[in-house]
Ligand SMILES: Cc1cc2nc3c(=O)[nH]c(=O)nc-3n(C[C@H](O)[C@H](O)[C@H](O)COP(=O)(O)OP(=O)(O)OC[C@H]3O[C@@H](n4cnc5c(N)ncnc54)[C@H](O)[C@@H]3O)c2cc1C
């Protein structure tokens, strides 16, 4: 029988959440082991994950604190403004008549954010590459390709079995394997949720005119349509449609896709041209009913998979990481058992409310906006106009979206865990 690999924390899933957690724990002096069925190299290919993510400024601080700044900064596009509208005509959010709109401007909270932008747009492949480099630099043990097949939770430790038969043991296992978490299932933690019947079509477009760091979000009856600024005068589109229409857009010939794109996008940024592959992501809500159990914790999409309309999914996962790393590092310093329920409950208490509030807010916004009900149009138009006129409300939204409110873990303030 093969030897058992020992660690302080076994992290199932070396995606954006798991790899960040590995680095955070290592910087706190713990010994994590990362496991993923995908080798890091495969995750870096342009065809692996076409998404770009809006990274809240507090999440970006955490990556900087973990040493990713020099690799990420050249690729990070500052988001200076966010324009939200439920107008149907493209470009209405630039202020043209035709619909209610709401404007968030980084300059308005500069005094509280040290001049940070509202967030940064980063292509996931760039973030994955930076994390892979940092994980290697830090000398972390990464078992990949390898998949967690089962977990046995004992009194003093948990034992993980990999699909290839290898075994690992640690006082704590963290499930970071996304929505299909094996660790979550092995711990008997249930999920609740529903499908939105929508899918997000993701593509990268090249623009004739500079986007000036402005992100646009149109709430259209079929679902939100977001134009998110990237470096090199490009933008990432997240184009939400009912699933059947989204699948048709993915497989449409280039000229057909471009015709739809021009109609939807308009010409306020000049000619737009989609280059590279299109990706389609089915959208659903999936929430774990608990974040922890004896010798187990969940983080990232394993704990909460949400609608992407406000760009908060990964940010929630990165907030989980910051809180969990701080709880574990303090417990280890005090000589406590890091996998005990008493310690893990501190993590659950820290993250539970924020995870539920953000997930349900995104769900509610999608329901309120993804329809053409005239009464709701009236209400939401009035709502957008009112919030737009009230400076303190706007500033509160911006700080919440930036992850700057509440009891922040040290990493989200840019400090060591
Ligand atoms: C269209 C779209 C746009 C989005 N835009 C944004 C945005 O702008 N901002 C934002 O914050 N969020 C955004 N999100 C959400 C964000 O992409 C997710 O929250 C994030 O990718 C979750 O990362 P994760 O590491 O938790 O999970 P995953 O990315 O699902 O990673 C899970 C990892 O676990 C591994 N794994 C799977 N099974 C096993 C196993 N048995 N054993 C070990 N490992 C396993 C997988 O290989 C993978 O590497 C968006 C989502 C979508 C769909």
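A short reminder: the numbers here are calculations on the coordinates, not readings from a lab. Every value quoted in this text rests on a predicted model; they were computed, and no experiment measured them. Backbone-built Cβ (ideal geometry, glycine too); neighbour counts: all protein chains shown.
Odds and ends about this structure:
- The chain: angle of helix 374-389 to the longest principal axis, Cα-based, in degrees nearest 10: 80 degrees
- Peptides 118-128, 276-286, 384-394 ranked from most to least packed give 118-128, 276-286, 384-394, packing being the mean of other C-beta atoms within 10 angstrom over each peptide's residues.
- Our estimate of slack between residue 255 and residue 31, defined as 0.36 nm per intervening residue step minus the Cα-Cα distance, is 75.4 nm.
- Between the alpha-carbon centres of region 34-84 and region 359-415 there is a gap of 23 Å.
- Computed [θ] at 222 nm, helices only, for the chain once each DSSP H run of length n ≥ 4 contributes -39500 (n - 2.57): -11000 deg cm²/dmol
- Cα gyration tensor, region 281-323 - rounded (a/c under 1.5), prolate or oblate: oblate
- Choice from 105, 41, 320 with maximal GNM fluctuation in the chain (Cα, 10 Å cutoff): 41
- Tilt relative to the chain, helix 124-137 - C-alpha long axis, 0 to 90 degrees, to 10: 30 degrees
- Acute angle (nearest 10 degrees) that the helix 16-27 long axis makes with the longest principal axis of the chain, alpha-carbon atoms: 50 degrees
- Listed residues 70, 37, 374, most fluctuating in the chain (Gaussian network, C-alpha, under 10 Å): 374
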